[in-house]
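Notes for the one structure printed next.
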Amino acid sequence: MESKKRKKPIYVTRPAMPPLEEFTEYLKKIWENRTITNNGPFHQQFEKELAEYLGVKYISLFANGTLALMTALQTLRITGEVITTPFSFVATTHALWWNNIKPVFADIEPDYFGLDPEKVESAITAQTTAILPVHIYGYPCQVDRLQEIADTHNLKLIYDAAHAFGVKIKENSILNYGDLSVLSFHATKAFNTIEGGAIVCHDKKIKNRIDFLKNFGFVDETIIIEPGINAKMNEVQAAYGLLQLKYIDEYITKRKAVAEIYREKLYGIKGIHYLNDLDGVHHNYPYFPILIDAREYGKTRDYVYEELKKHNIFSRRYFYPLISQLPMYKKLLSAATKNLPIAERVAKEVLCLPLYHDLSKKEVTEICGHIQKH
Ligand code: T4K
């Protein structure tokens with residue numbers, strides 16, 4: 001990878017932001033009415049428009065995805081053991097830990113890296129109360145098979161859908177599967193509200209419970225039904241989110257175009273593997289992960305990561321190390337769940353290349369050029 005270091009760095013992502021002039025108009029309204037949090041008008045409007053956009057019945061907004069995950073577990077009163085994936089961002093497992101729930105890791109599938117339903121089934125014990133899969137990189141898990149397992153064993157099914165904003169399977173939102181789905185609107189996500197998140201549910205009673213829980217358990221001034229938390233989204237975030245909704249289709253179309261250039265440029269490089277679109281799925285292109293098979297490619301994933309860095313190009317090893325390898329979780333591994341060969345291999349080989357809506361063809365070509373010329 002010999003060539004000159006570029007001056008301006010390229011990061012793994014850059015947030016898409018709405019036009020400042022438009023946002024200023026929204027801010028003026030907030031300044032006028034002085035409701036800046038606690039279910040104000042922009043919050044209410046954003047919940048309504050977001051539910052319509054996503055094609056879901058009920059949605060509750062949150063300050064971030066992690067608090068939403070923690071609250072989702074509280075909503076369904078999950079206890080004991082939960083089967084989850086070791087191949088995710090740490091927040092997935094941390095949310096279990098904060099709820100005093102034991103995470104039990106099952107291996108992932110080799111093609112699209114979702115939890116392997118067969119491995120889930122064999123990890124079920126008398127203490128298991130729920131399954132917490134992740135639609136990793138926005139690729140749908142095996143939703144029908146996971147639901148079947150949940151139904152057979154009377155388990156709750158909560159999806160970490162942090163990467164899956166706007167993803168649809170045959171025109172149906174992926175968020176309509178399972179009991180609850182949790183979104184993240186962090187700055188690094190395909191759809192962002194700076195920080196933010198949401199829980200999607202299918203029942204008004206559950207939505208009410210979520211809304212109490214995220215607001216200290218308050219029903220009214222004097223009635224508090226649960227020891228809730230403060231996980232509310234504020235008016236500035238909600239206004240920004242409303243504006244983002246106007247542009248999200250354009251952002252996703254542009255992200256798709258970037259992904260297609262990558263696929264074209266990387267096609268045929270020995271040892272470099274990428275994910276393709278799935279039939280019948282509307283994708284959202286939140287990341288561009290590649291797997292680097294060191295034996296075929298001749299160099300390791302870490303070599304490519306470091307070399308790109310030398311050229312001022314910052315790819316990321318999402319998701320390495322595996323959550324199950326972290327010191328606080330490693331000790332929980334039982335003999336039955338120690339064996340996670342697919343997740344271990346993928347964590348060792350994966351590299352997420354820069355992807356955002358305004359990454360240019362020239363920049364993608366430059367990144368791929370480095371990978372080609374190793
Ligand atoms: N579940 C899953 C599966 C998740 O992936 C996540 C979050 C969650 C749950 C939890 O949701 P939240 O509580 O976060 O809503 C990032 C994000 O902080 C995190 O939200 C995300 N997943 C995770 C995969 O990635 P970092 O530590 O890699 O971010 P950072 O700050 O290194 O940013 C990466 C690059 O993005 C920077 O090099 C430059 C660029 N960037 C970043 C920010 C924040 C910008 O250009 N502008 C910015 O404002 O964690």
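Odds and ends about this structure:
- Panel order for Val143, Val182, Val120, by other beta carbons found within 10 Å of each beta carbon, from fewest to most: Val143, Val120, Val182.
- Rg [Å, one decimal], Dmax [Å, integer] - the chain, C-alpha atoms: 21.0, 68
- Spin-label zone in the stretch 127-141 - amide nitrogen under 15 Å from a point set 7 Å from the Cα of Leu332 along the C-beta vector: 127-134
- Extended-chain gain in nm, criterion 0.36 nm per residue less alpha-carbon gap, Ala126 and Asn276: 50.2 nm
- Considering all C-alpha pairs of the stretch 1-110, those separated by over 22 Å amount to 61%.
- Adding -39500 (n - 2.57) for every DSSP H run of four residues or longer, then dividing by how many residues the chain holds, sets the calculated 222 nm ellipticity at -12000 deg cm²/dmol.
- DSSP finds beta bridges in the chain, and of those with both partners inside it, around 60 percent are antiparallel.
- Within a Gaussian network of the chain (alpha carbon springs, distance under 10 Å), most fluctuating of Leu333, Leu155, Leu73: Leu333
- Here Val104, Val90 are placed in order of increasing Cβ neighbour count within 10 Å, fewest first, which gives Val90, Val104.
- Centre separation in Å (Cα based) which lies between the stretch 127-152 and the stretch 249-283: 25
- Cβ-based net charge around Ile108, under 11 Å, with every Lys or Arg adding one and every Asp or Glu removing one: -3
- For Glu52 and Asn100, a Förster radius of 45 Å and the Cβ-Cβ distance give a FRET efficiency of 0.80, rounded to the nearest 0.05.
- Charge sum, other residues only, whose C-beta stays under 9 Å from Leu340's C-beta, Lys/Arg counted +1 and Asp/Glu -1: 0
- Stretching Lys310 away from Arg145 to a fully extended chain increases their span by 55.0 nm, per 0.36 nm per residue minus the current alpha-carbon distance.
- Footprinting exposure proxy for Met17, Met328 (fewest neighbouring C-beta atoms within 10 Å first): Met328, Met17
- Largest-first ellipsoid semi-axes for the stretch 247-373, taking √(5λ) over the Cα gyration tensor eigenvalues, angstrom: 28, 19, 14
- At R0 = 25 Å, FRET efficiency that the Cβ-Cβ distance of Asn38 and Lys246 yields, to 0.05: 0.50
- Computed with the Debye formula from one identical point scatterer per Cα of the stretch 287-359, without solvent, the log10 of I(q)/I(0) at q = 0.19, 0.22 Å⁻¹ comes to -0.84, -0.98.
- Principal axis dimensions, largest first and in whole angstrom, of the stretch 79-217 by Cα: 38, 36, 27
- Each Lys or Arg adds one and each Asp or Glu subtracts one; over the other residues with Cβ under 11 Å from the Cβ of Gly55, this totals 0.
Every read-out reported here was derived from the displayed coordinates using simple, explicitly stated rules and does not represent laboratory data. None of these values were measured; they are calculated from a predicted model. Because the Cβ atoms are built from the backbone with ideal geometry, glycine has one as well, and the counts that use them run over all protein chains shown.
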